[in-house]
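Note sheet for the following structure.
The values are calculated or read from the model by the stated rules, or taken from the named source; none is laboratory data. Just so it is clear, the model here is predicted, and its values are computed rather than measured. As a convention, Cβ positions derive from the backbone with ideal geometry for all residues, glycine included, and neighbour counts pool all protein chains shown.
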Amino acid sequence: MKRIVLFVLAALTMASCSGGDEPVRAIYHWKTTFNPTPYEQQWLRDHRVQRLYLRLFDVDACGYSREDGNAAPIATTRFLQPLPDDMEVIPVVYITNEAMGRMWGYRVAELIAERVAKMADCNGFELKELQVDCDWTERTRSDYYYFCRSLRECLHEKGVRLSSTVRLHQVDTTLADLPVDGRVLMVYNTGDLRSPKTANSILDYSDVKPYLRRIDASMLDSMDFAWPVFGWGVAFDANGRFQRMVPSSALGADTSASLREEWGRVDDIQRVQRRLPARGRHTTILYHLDSLNLSKYTYDEIETIYSR
């Protein structure tokens, strides 16, 4: 009888751990060509990824003033393989801050919505949500909020949700006024990359800690989280002056006088995850789908990030 009770308790515990509050597993695809390698395809299957956030194109400034022009799409993704039919696809449009300062009027939002809808139709995925990504500042905050309001109006007419990325420096009391249906907090690129005193500009818990005080339970109802699974090198000269960034693929061959190798460290990610207030069902997104970086992490390390 005692064994039966213990078995039932264990089963209930397992059910509660894998129930409705388990995070949705997602990853960004941030390349200009959709052509996942066999490694990347197997990685998606191994980790049971349910959602793909797919960058479709960027919007950058064109012309030199409001009279000369405003903004235009660039770096549109080419599709060399069909999209997976067992994953939800969320398209993402990246808008430069310079472009945001030149975009005005409802028509810009309308054009972006139309272009995304056509790309969804051409590439065979259902458009349920569009995400916009912009590193807006105090100068362009009002422009961004107005743009999101206009874009959401266009999308809601078609039954499509709008979400927005949020960087740590953008988290404040006005974030609740951002007119979107969902928010993704990008928990990476947190330090000063060019400073020789920085330990890890991708993610360092000490850099994130002050921002965590700004995140309260009321912000978490519509907030998901994106975590770094990538790395690079930062090269300095003999005097400690920043020289250049080194891609992860070239880390072993760089001969700079001083090279700081940086990665999204799992222990730092876990420390931040543990400090977040309790929340209901949410999405855990990794950045991004690239075998050169993903191969640096073990299966268990990825599972650890996805489980919270």
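Tell me which residues, restricted to region 87-121, are more than 21 Å from residue 161 (Cβ to Cβ) and not aliphatic (A, V, I, L, M).
Listed by number, the residues that qualify are 96, 97, 98, 101, 102, 104, 105, 107.
Among the candidates 135, 85, 121, which residue alone is more than 30 Å from residue 173 (Cβ to Cβ) and part of a loop (DSSP other than H, G, I, E, B)? Break it down stepwise before answering.
Working: 135 fails: more than 30 Å from residue 173 (Cβ to Cβ); 121 fails: part of a loop (DSSP other than H, G, I, E, B).
One residue alone meets the criteria, 85.
Can residue 222 be described as surrounded by 14 or more Cβ atoms within 10 Å (Cβ to Cβ), under 28 Å from residue 90 (Cα atoms) and not assigned by TED's automatic domain parsing to the domain that holds residue 170?
Numbers: surrounded by 14 or more Cβ atoms within 10 Å (Cβ to Cβ): yes; under 28 Å from residue 90 (Cα atoms): yes; not assigned by TED's automatic domain parsing to the domain that holds residue 170: no.
Spelling it out, it is not the case that residue 222 is surrounded by 14 or more Cβ atoms within 10 Å (Cβ to Cβ), under 28 Å from residue 90 (Cα atoms) and not assigned by TED's automatic domain parsing to the domain that holds residue 170.
Out of the residues in region 165-189 meeting the condition of being among the hydroxyl-bearing types (Ser, Thr, Tyr) and closer than 23 Å to residue 280 by Cβ, tell me which one is surrounded by the most Cβ atoms within 10 Å (Cβ to Cβ). Reasoning before the result, please.
Step one: list which residues in region 165-189 are among the hydroxyl-bearing types (Ser, Thr, Tyr), which gives 165, 173-174, 188.
Keeping just the survivors that are closer than 23 Å to residue 280 by Cβ gives 165, 173.
Numbers: 165: 22, 173: 9.
The selected residue is 165.
Within region 274-296, work out how many residues are within 18 Å of the chain's Cα centre (by Cα) and at pLDDT below 95.
3
Going residue by residue through region 21-43, is there one that turns out to be touching a Ser or Thr at 6+ places or on another chain (Cβ under 7 Å), surrounded by 11 or more Cβ atoms within 10 Å (Cβ to Cβ), at pLDDT 95 or above and part of a helix (DSSP H, G or I)?
Yes.
Would region 245-265 turn up any residue that is within 16 Å of the chain's Cα centre (by Cα) and polar (S, T, N, Q)?
no
Residue under question is residue 221, and the condition is that it be in contact (Cβ under 8 Å) with a residue 60 or more places away in the chain and either in contact with an Asp or Glu (Cβ under 7 Å, 6 or more places away or on another chain) or closer than 30 Å to residue 178 by Cα (or both); does it hold? Let's see the steps before the verdict.
Values: in contact (Cβ under 8 Å) with a residue 60 or more places away in the chain: no; either in contact with an Asp or Glu (Cβ under 7 Å, 6 or more places away or on another chain) or closer than 30 Å to residue 178 by Cα (or both): yes.
Against the criterion (in contact (Cβ under 8 Å) with a residue 60 or more places away in the chain and either in contact with an Asp or Glu (Cβ under 7 Å, 6 or more places away or on another chain) or closer than 30 Å to residue 178 by Cα (or both)), residue 221 does not qualify.
Restricted to region 154-172, and to residues that are out of contact with any Asp or Glu (no Cβ under 9 Å at 6 or more places or on another chain) and hydrophobic (A, V, I, L, M, F, W, C), which residue is modelled with the lowest pLDDT?
That would be 171.
What are the pairs, 6+ residues apart or on separate chains, where a residue within region 236-252 that is among the β-branched types (Val, Ile, Thr) has its Cβ under 6 Å from a residue that is surrounded by 14 or more Cβ atoms within 10 Å (Cβ to Cβ) and at pLDDT 90 or above?
Pairs found: 246/233; 246/235.
Looking at region 255-308, which of its residues are of a type in the set (Phe, Trp, Tyr) and either loosely packed, with under 15 Cβ neighbours inside 10 Å or outside any loop (DSSP other than H, G, I, E, B) (or both)? Break it down into steps so the answer makes sense when it comes.
Initial filter on region 255-308 (of a type in the set (Phe, Trp, Tyr)): 263, 287, 297, 299, 306.
Within region 255-308, 263, 287, 299, 306 qualify.
Can you tell me which condition residue 201 does not meet? The list is (1) part of a helix (DSSP H, G or I); (2) surrounded by 17 or more Cβ atoms within 10 Å (Cβ to Cβ); (3) touching a residue at least 40 places away in the same chain (Cβ under 8 Å), and all the others hold.
Condition (1) is where residue 201 drops out.
Is at least one residue of region 177-190 farther than 25 Å from residue 27 by Cα and out of contact with any Gly (no Cβ under 6 Å at 6 or more places or on another chain)? Show your work before the answer.
The first filter runs over region 177-190 and keeps only residues farther than 25 Å from residue 27 by Cα, leaving 177.
Checking which are out of contact with any Gly (no Cβ under 6 Å at 6 or more places or on another chain) leaves us with 177.
Among the residues of region 177-190, at least one is farther than 25 Å from residue 27 by Cα and out of contact with any Gly (no Cβ under 6 Å at 6 or more places or on another chain), which makes the answer yes.
Here's the yes/no breakdown for (1) more than 18 Å from residue 171 (Cβ to Cβ); (2) charged (D, E, K, R):
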position	(1), (2)
249	yes, no
260	yes, yes
276	no, no
279	no, yes
283	no, no
294	yes, no
299	yes, no
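Please list, ordered by first then second residue, the pairs with beta carbon atoms under 7 Å, 6 or more apart or interchain, first in region 278-307 and among the hydrophobic types (A, V, I, L, M, F, W, C), second surrounded by fewer than 16 Cβ atoms within 10 Å (Cβ to Cβ) and at pLDDT below 95.
Close Cβ pairs (under 7 Å, with a partner that is surrounded by fewer than 16 Cβ atoms within 10 Å (Cβ to Cβ) and at pLDDT below 95) amount to 292/249.
Can you name the residue in region 149-164 that is surrounded by 21 or more Cβ atoms within 10 Å (Cβ to Cβ) and under 18 Å from the mean Cα position of the chain (by Cα) and is also farthest from residue 211 (Cα to Cα) among such residues?
Residue satisfying both the conditions and the ranking: 162.
A quick yes/no check of all residues on (1) more than 24 Å from residue 222 (Cβ to Cβ); (2) at pLDDT 95 or above:
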site: 45; (1), (2): yes, yes
site: 64; (1), (2): yes, no
site: 73; (1), (2): yes, no
site: 81; (1), (2): yes, yes
site: 85; (1), (2): yes, no
site: 88; (1), (2): no, yes
site: 104; (1), (2): yes, no
site: 111; (1), (2): yes, no
site: 123; (1), (2): yes, yes
